[in-house]
Structure formats: C-alpha cells, structure tokens
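A.B. asks: Here it is, the structure, as structure tokens.
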Amino acid sequence: NAILTEGTELSDSIAYYYLPSTEENEIALYGVLYNWTAAVAGSAQGICPIGWHVPTADEWMELHRYVASKSEYLCGSGSNSISKALASNYGWRPSISSCDTGDTTTVHNATGFSALPTGRYPDNHIGVNAYFWTSTEVSNANATVRYLNYSTSNFSEGSIRKEYAASVRCLKD
C-alpha cells in the first residue's frame, strides 16, 4: 500500500487521510478517516492489509440481514432497529428515544462491532455519526456508505461524495 498524506483539501483523485479531530485524545481513540480513493485504492483490498478487503455494499447488507435476524439485537419492532447492537457504548451524542444509538438506557454493542462515532470529513460530527465506506461506486462522484446516527435506531445505507472521508472496516477474504 502507498504511503498516504494528510489531506488539506477535498479530493476524489488524490488518496488522502483526514483527522476527525484536532484533539490528541480523540485522534488516539478514533484514528483517521479516508477519502474513497485512499480507502479503495484501485482494488478490493484497498487500504486493508493483505488477506482483507473493503466490503462491498452487498457484504454490508449481509451483515445487516444477519444482525436483524437475531431478536436479541433488535431494539423495538423494526427490522432495521439494530444500531445499538453495532455501536460502541461511549462517545455518542445523547438522544432521548430508548432505541436510538445515542440513548444510554439500554445495552450497546451486543455484536462486538464497536462502531465509533467518528463523523465524516469535512463535517467532523464526532459523536453524531459513524460512516463506513463500501467498495461499491454509485457514480464517478459518489460511493455507497453504511452509517449509524445518534438520533435513530437504524443501520442505514446511503451515498456520499468520494472526496469526503469516512471510516474503513476491513473484511477478511
């Protein structure tokens, strides 16, 4: 893998990493965020070590379906109400609905996935969202992400601009 440099501007053609915060303790906790070019780096392996790859949107959906199929991971009656089972038990902005990711009255991280609320660059909403890149392109400018938000119970799919930066979770080949 190539050596990456810290981004000082948005780019979808140059592979950059970005700091989600300037606070040293938050950098140690959250690590760095990557633009899509750095995350995927022209191959499924992307930024991941040998034997691992950036998951496709379909592979993320497989995780979603598995977690949603287990009643102990659901919060409430919705089949998409699985965010708390995937979220770390700290760092999330407080929310008042018991199934929201940010609510602290019921158990977090039942799956051990430990999603941290790193936000995304350039928004830097630490505590609000956790965005994870997929290797699936939507267009020349956008790619698919999976995300959690402090004020919902959903594990959602969407797309963001490739020049933005998000977390990467590698999947073993």
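A.B. asks: Which number in (1) surrounded by fewer than 20 Cβ atoms within 10 Å (Cβ to Cβ); (2) more than 23 Å from V32 (Cβ to Cβ); (3) touching a residue at least 24 places away in the same chain (Cβ under 8 Å) marks the one condition that I82 misses?
C.D. replies: Condition not satisfied by I82: (1).
A.B. asks: From A39, A2, A15, which residue is under 26 Å from S159 (Cβ atoms), open to solvent by less than 40 Å² (accessible area, probe 1.4 Å) and either modelled with pLDDT of 95 or more or out of contact with any helix residue (DSSP H, G or I) (no Cβ under 7 Å at 6 or more places or on another chain) (or both)?
C.D. replies: A39
A.B. asks: If you scan the range 12-40, which residues turn out to be over 28 Å from S139 (Cα atoms) and polar (S, T, N, Q)?
C.D. replies: S21, T22, N25
Yes/no matrix, rows are residues, columns are (1) among the basic types (K, R); (2) at pLDDT 95 or above; (3) open to solvent by less than 30 Å² (accessible area, probe 1.4 Å):
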position: A44; (1), (2), (3): no, no, no
position: E62; (1), (2), (3): no, yes, no
position: E72; (1), (2), (3): no, no, no
position: A87; (1), (2), (3): no, yes, yes
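A.B. asks: Additional query: So, of the residues in the range 148-164 that are more than 15 Å from Y34 (Cα to Cα) and aromatic (F, W, Y), which turns out to be surrounded by the most Cβ atoms within 10 Å (Cβ to Cβ)?
C.D. replies: The extreme case among them is F155.
A.B. asks: What's the number of the condition N89 fails, among (1) part of a loop (DSSP other than H, G, I, E, B); (2) under 17 Å from T144 (Cα atoms)?
C.D. replies: Of everything listed in (1) part of a loop (DSSP other than H, G, I, E, B); (2) under 17 Å from T144 (Cα atoms), N89 misses just condition (2).
The values are calculated or read from the model by the stated rules, or taken from the named source; none is laboratory data. Keep in mind that what you see is a predicted model, and the values were worked out from it rather than measured. Ideal geometry is used to build each Cβ from the backbone, glycine not excepted, and the neighbour counts take in all protein chains shown. Surface accessibility is based on the protein's heavy atoms, side chains included, excluding ligands, DNA and RNA. Shrake-Rupley method; radii C 1.70, N 1.55, O 1.52, S 1.80 Å.
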